[in-house]
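Comments concern the structure below.
Quick note: the coordinates plus some simple rules give every number you see, no bench work behind them. Just so you know, these numbers come straight off a predicted model, no measurement behind them. Neighbour counts run over all protein chains shown; Cβ positions are idealised from the backbone, glycine included.
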Amino acid sequence: MARKPKGRRIDGVFLLDKPPGLSSNGALQRVKRIYGAAKAGHTGALDPLATGMLPICLGEATKFSQYLLESDKRYQTTAKLGVRTDSSDADGAVIETRPLPPDLSVERVEQLLADHFTGEIEQVPSMYSALKHNGQPLYKLARQGVQVEVKPRRVRIHEIRLLALRDDEIDLEVYCSKGTYIRSIVEDLGLLLDCGAHVSVLRRLETGPFKAPMMMTLEQLQAVAEPGEGDDQECIHGRLDQLLLPPWTAIAELPSLELSEEQAHRLQCGQGCNQRFDAPEGEVRLFVAGTERFIGVGQISEAGELKPRRLMSTAPE
């Protein structure tokens with residue numbers, strides 16, 4: 001008999017503004033503990049140095065976290081020029097210092113960004129990334145002094161903008177595809193400038209459909225969880241739950257399709273629907289017509305047939 005997970009069944013997405021110095025897993029565990037949730041997962045790790053958007057999926061929302069992992073992201077970063085580190089960020093050990101180029105200018109930086117960091121590019125992920133080699137994260141191997149070959153990968157930079165050039169610092173905003181490593185962009189830009197560089201500040205502003213103004217800090221969340229006069233646990237949980245976004249918001253960019261109660265039941269039993277839908281081929285969000293009940297993601301075939309892909313659980317709590 002399967003062991004019942006500890007914690008309560010709560011489904012939704014909390015948009016955390018991760019603080020610096022805390023790992024993504026550490027942040028996840030704090031949010032999970034405040035909510036008393038039985039199940040939780042994050043949607044793409046941020047380095048301890050980094051801050052900003054870290055969507056935390058609770059309960060059934062974890063079924064759709066992969067869509068956020070694969071979504072586009074937006075970052076702001078500060079590149080410190082003249083200093084290279086072994087991890088390409090401020091948490092690493094300095095391995096080289098060099099003078100700034102005499103021709104450093106806004107015009108030169110913007111030209112390099114346009115020529116080398118726009119559109120589809122090839123980059124070599126850092127040895128301090130979370131990519132895995134034989135099941136081990138690269139950053140763990142790097143900290144053990146183990147070097148492995150890291151193959152280049154193709155990513156897409158939708159937009160990269162120079163925000164400011166201050167003495168030995170460059171502020172950038174990057175809107176990019178999944179798998180893009182900002183530290184690799186900064187490292188490569190430093191090499192092109194012939195002085196080296198590393199990431200001193202990194203902040204994620206957007207993940208898929210989620211934007212920066214929607215985030216909350218751990219301190220704000222904890223303040224909501226503090227009991228007031230006469231509060232019981234149910235009252236506190238009610239306040240916390242109002243902060244959650246519905247699970248379907250993780251896939252808000254997919255088209256939606258409404259089903260009858262009978263069609264929804266058939267789908268949740270693992271069956272296809274006994275009709276053809278006039279809808280584009282591909283994945284769709286599924287709702288029960290006339291309600292706000294979200295039942296999951298389905299797949300429309302070329303022939304208009306609907307099959308289940310990933311559905312919300314109908315099991316009792």
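Points to keep in mind about this one:
- Inter-centroid distance (Cα atoms) of the stretch 70-115 relative to the stretch 10-26, Å: 27
- Taking label positions 7 Å along the Cα-Cβ direction at both GLU96 and GLU262, the computed distance is 7.1 nm, reported to one decimal.
- Pairs from the table (LYS63/LYS178; LYS32/LYS80; LYS32/LYS151; LYS151/LYS211; LYS6/LYS178) lying more than 24 angstrom apart at Cα are LYS32/LYS80; LYS32/LYS151; LYS151/LYS211; LYS6/LYS178.
- Solvent-free Debye calculation, one equal scatterer per alpha-carbon of the stretch 169-253: log10 I(q)/I(0) at 0.15 Å⁻¹ equals -0.77.
- Using C-alpha pairs below 8 Å separated by at least 6 residues, the relative contact order for the chain is 20 percent.
- This model, with +1 at the C-beta of Lys and Arg and -1 at the C-beta of Asp and Glu, gives the chain a dipole about its Cα centre of some 1280 debye.
- DSSP-defined beta bridges in the stretch 181-317 - what % are antiparallel, rounded to 5: 75
- Bridge type composition, the stretch 1-95 - antiparallel percent by DSSP, nearest 5: 90
- Only DSSP H runs of four or more residues enter the estimate; each adds -39500 (n - 2.57), and after division by the residues of the chain the mean residue ellipticity at 222 nm equals -6000 deg cm²/dmol.
- Extending 7 Å from Cα along the Cβ direction at VAL124 and again at CYS235 yields two label points whose distance is 6.0 nm.
- Zone of GLU70's modelled label, taken as backbone nitrogen in the stretch 273-301 under 11 Å from a point 7 Å along Cα→Cβ: 283
- Förster radius 51 Å - calculated FRET efficiency between ALA223 and GLN111 (Cβ-Cβ, nearest 0.05): 0.60
- Label-point separation, ARG309 to ASN25 (7 Å along Cα→Cβ), nm: 3.0
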